[in-house]
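Input: a single structure, listed below in structure tokens.
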Amino acid sequence: IVILIEYLDDKFKTPEEIEEALQSPVLGLIAEIESDSRDPKGIYISQEPRSPVSEAFRSLRTNLEYTGMDKPLKTVLVTSIGSDEGKTTIAVNLAGVLSQEGKRVILLDADLRKPQVHQLIGLNNRIGLTDLFKNYHSFDMVVDSVSQNVENLPNLKIITSGSLPPNPTELLNSELMLKILEKLKEQSDIIIIDSPPSLVADAQIISTKVDGVLFVVRPGFTQTKPAMVSVESLKRSGAKMLGVVVNRIPRNRAYYYGGYQHYYPYTRKYYAYSYGQKSKVAHKE
């Protein structure tokens, strides 16, 4: 029975499986977030800067920068096959950790169906991206009014989705969307875009307008074949796949033996990190 269950289980388990199936490198390994903060809303890397998860996001930032050595990345789309892989968490914290490096970063919520950025951080969503569509001719004045800031991250600007339109696909596929991105590039060093799941046409549309795509996978949850189909569809649409982020890695012994040894020991007393090389363990103060 155990062998049969294992045979029928088509979910990703190890980074090696992910790289082989999706033909994309794993750029980041992020464990399940367990925040000690009293306020559950906010940007985790800002609230818990010394945690192993924050260190993992810094490693992701470094690996992402290496992918843009020949041509610096100005726009990066973060997507996943569904809504439970944690793509918004990755987009928010990646934007935050990039801004900590001194870069001018814009986090743009382009999910015009079920936006999550404002809920995750605890921001108002009365105005946002959709207002840029409606008031493009006074762009400079409007972008200042729709941009929001967060505490401790002065280089980060956040543009939420705004009110949801009846025609999200048409808006994202319009020439105006391209013009908006070009305008935002002038005001930033890099734009991180949170999109709908990749099975929705919106993600494929946006992927053709950006410099690269990060695909988020949740081990033990994301199914192999649908993910392969989704990534292949993105590639066929002309998207440049930068790599994969493995998110919400469970903190249990099963996954220790499943290929995530480089992320452990993961206890309250120790930090372990450095994917792709010998792990360095330091005592937590």
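The values are calculated or read from the model by the stated rules, or taken from the named source; none is laboratory data. None of the values given here were measured: they were computed from a predicted structure. Note that each Cβ is placed from the backbone with ideal geometry, even for glycine, and that neighbours are counted across all protein chains shown. Only protein heavy atoms, including side chains, enter the accessible area calculation; ligands, DNA and RNA are left aside. Shrake-Rupley method; radii C 1.70, N 1.55, O 1.52, S 1.80 Å.
Tabulated results
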| item | result |
| --- | --- |
| Karplus (6.51, -1.76, 1.60) ³J(HN,Hα), θ = phi - 60°, over the range 46-54, in Hz, Gly and Pro reported as x | 7, 6, 10, x, 9, 6, x, 5, 5 |
| Amide hydrogen neighbours beyond the local backbone of residue 247, cut-off 5 Å, H modeled | 30, 217, 218 |
| With every protein chain in place, the range 83-161: carbon and sulfur % of accessible area (1.4 Å) | 46 percent |
| Highest-first arrangement of 209-215, 99-105, where packing means the average Cβ count within 10 Å | 209-215, 99-105 |
| Table column - 3J(HN,Hα) (Hz), the range 15-29, Karplus curve with 6.51, -1.76, 1.60, x for Gly and Pro | x, 5, 4, 5, 4, 5, 6, 9, 6, 9, x, 7, 9, x, 10 |
| Sum of side-chain charges, residue 212 neighbourhood, beta-carbon under 11 Å (Lys, Arg +1; Asp, Glu -1) | +2 |
| From phi via Karplus (6.51, -1.76, 1.60), per-residue ³J(HN,Hα) for the range 171-176 in Hz, x at Gly/Pro | 5, 5, 8, 7, 5, 5 |
